[in-house]
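Quick one: the structure is below, questions incoming.
The values are calculated or read from the model by the stated rules, or taken from the named source; none is laboratory data. Quick caveat: nothing in here was measured; it's all calculated off a predicted structure. Quick reminder, even Gly has a Cβ in these numbers, built from the backbone with ideal geometry, and neighbours come from all protein chains shown.
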Amino acid sequence: MQADGIRLPLLITGLAGVPGYNAFSYFREQLGDAVMALRQRNNWRLQDNGVMACDTDDAESLDALWAEHQFGSVLSFGGSCRLKACELDPEMAHRVNVEGTRNVARNAARYGARMVHLSTDLVFAGRPGGGYTEQDVPDPVTMYGKTMVAGEAEVLERHDQACVLRISLPMGTSFNGHAGAIDWIESRFSKDRPATLYYDEFRTPTYVDCMNRLYDRLLRMTVSGLFHAGGPQSLSLYQIGQIVNRVGGYNPDMLKGCPRHAAGPMPPRAGDVSMDSSKLLSLFGDDLFEPWPKHPELVPQHHDWHYDRRDTAGSPEEILSLLT
């Protein structure tokens, strides 16, 4: 079955993550019951039409689902991105991020399904100026990054028509209010608790709305291989905290900053892992991604920028403007 070029049914793995959660809503609105998603068996709170409980590292159960539904496309967004948990339990990280990805790729290749797989900018250690391209050799400093590199290899080796996207921070809502980057920061500020963020870890965040439109286009195409999918604006984690603090109208004293190495060795932190997405932009145009944040006046100019409330007092309700 096919809908305007998308081979159906469409399976989305990793529903608990920000990309999967938002993509499921986006594609269900377009394609209805032809879109299904996987949640981990122990995540009982994620209940909805089209949501199935199955761990991707359970090869037998996943094989049975594919045999039953004959998926025509898959958005492979599963995995564990919890840095500390992956460091403390490398076996879990390998099982979820490598074996689970292998099982999805193996089935997608077996059934000839279109596959788009998400990886991460944290396959790199970080360097002055960032600007990583697809030709740069991964050198991750975390177990998470190492297993994501291995997951990429599983996809590209097992399914030669698959597309792998390395993403940065996806800016959108999460199902539990804690899974996203903004969610965690705001949860600290809203309780008047400090959030310590790093001056020297830089990322290239993207709106999930932009990413959903990209997935839509890729599912209709035969583009394959590895692509960087970072936004056009590089920001430090501290700057992202400044934006959330000021837009939300929270106590500016609750934002703390430090160099990443001052935070201790667990988990290890990457440096400037900002990505160069020119290869992807050459296919879709320079307007593929809106800069995050969309409004240039919300880009911090100095370390005390979030104390300046002359233009607006900010409010928690305004945080939504950072997510859509």
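Taking the conditions exactly as written (in the same structural domain as P268 (by TED's automatic domain parsing), surrounded by 20 or more Cβ atoms within 10 Å (Cβ to Cβ), within 24 Å of K294 (Cα to Cα) and among the aliphatic types (A, V, I, L, M)), does I167 satisfy them or not?
On the way: in the same structural domain as P268 (by TED's automatic domain parsing): no; surrounded by 20 or more Cβ atoms within 10 Å (Cβ to Cβ): yes; within 24 Å of K294 (Cα to Cα): yes; among the aliphatic types (A, V, I, L, M): yes.
No.
Now a separate question. May I ask you to verify whether N251 is at pLDDT 95 or above, outside the structural domain of P19 (by TED's automatic domain parsing), crowded, with 24+ Cβ neighbours inside 10 Å and not charged (D, E, K, R)? Explain how you work it out, then say what you get.
Numbers: at pLDDT 95 or above: yes; outside the structural domain of P19 (by TED's automatic domain parsing): yes; crowded, with 24+ Cβ neighbours inside 10 Å: no; not charged (D, E, K, R): yes.
It is false that N251 is at pLDDT 95 or above, outside the structural domain of P19 (by TED's automatic domain parsing), crowded, with 24+ Cβ neighbours inside 10 Å and not charged (D, E, K, R).
On to the next question. From (1) modelled with pLDDT of 95 or more; (2) in a helix (DSSP H, G or I), pick out the condition that doesn't hold for E186.
For E186, the exception is condition (1).
I need the full set of residues from the stretch 252-276 which are in a loop (DSSP other than H, G, I, E, B), hydrophobic (A, V, I, L, M, F, W, C) and either touching a Phe, Trp or Tyr at 6+ places or on another chain (Cβ under 9 Å) or farther than 27 Å from R82 by Cα (or both), in order please. Full working, then the answer.
As a first pass, look at the stretch 252-276 and keep what is in a loop (DSSP other than H, G, I, E, B): 259, 264-271, 273-274, 276.
Next, only the ones that are hydrophobic (A, V, I, L, M, F, W, C) stay: 266, 270, 273.
Answer for the stretch 252-276, where residues must be in a loop (DSSP other than H, G, I, E, B), hydrophobic (A, V, I, L, M, F, W, C) and either touching a Phe, Trp or Tyr at 6+ places or on another chain (Cβ under 9 Å) or farther than 27 Å from R82 by Cα (or both): A270, V273.
Considering each residue of the stretch 277-306, count those that are in the same structural domain as G248 (by TED's automatic domain parsing), in a helix (DSSP H, G or I) and either surrounded by 13 or more Cβ atoms within 10 Å (Cβ to Cβ) or among the polar types (S, T, N, Q) (or both), and give that number.
Total meeting the criteria: 3.
If you don't mind, another one. Can you name every residue in the stretch 43-91 that is aromatic (F, W, Y) and in a loop (DSSP other than H, G, I, E, B)? First the steps, then the outcome.
Our first condition is that a residue be aromatic (F, W, Y); within the stretch 43-91, this holds for 44, 66, 71, 77.
Listed by number, the residues that qualify are W44, F71, F77.
Only one of R217, R213 is touching a helix residue (DSSP H, G or I) at 6+ places or on another chain (Cβ under 8 Å) and assigned by TED's automatic domain parsing to the domain that holds V155. Can you tell me which? Before the answer, list the steps.
On the way: R213 fails: touching a helix residue (DSSP H, G or I) at 6+ places or on another chain (Cβ under 8 Å).
Matching residue, one of R217, R213: R217.
On the given criteria, is K279 more than 21 Å from the chain's Cα centre (by Cα), basic (K, R) and on the phi < 0 side of the Ramachandran plot?
Details: more than 21 Å from the chain's Cα centre (by Cα): no; basic (K, R): yes; on the phi < 0 side of the Ramachandran plot: yes.
It is false that K279 is more than 21 Å from the chain's Cα centre (by Cα), basic (K, R) and on the phi < 0 side of the Ramachandran plot.
I would also like to ask the following. List, please: which pairs have Cβ atoms under 7 Å, are six or more places apart or on different chains, and start with a residue in the stretch 106-118 that is in the same structural domain as C81 (by TED's automatic domain parsing) and end with one that is among the charged types (D, E, K, R) and outside any helix (DSSP H, G or I)?
If the second residue must be among the charged types (D, E, K, R) and outside any helix (DSSP H, G or I), the pairs left are A113/R7; R114/R7.
Which condition number does S274 fail, the rest of (1) hydroxyl-bearing (S, T, Y); (2) closer than 25 Å to P128 by Cα; (3) exposed (fewer than 15 other Cβ atoms within 10 Å of the Cβ) being met?
(3)
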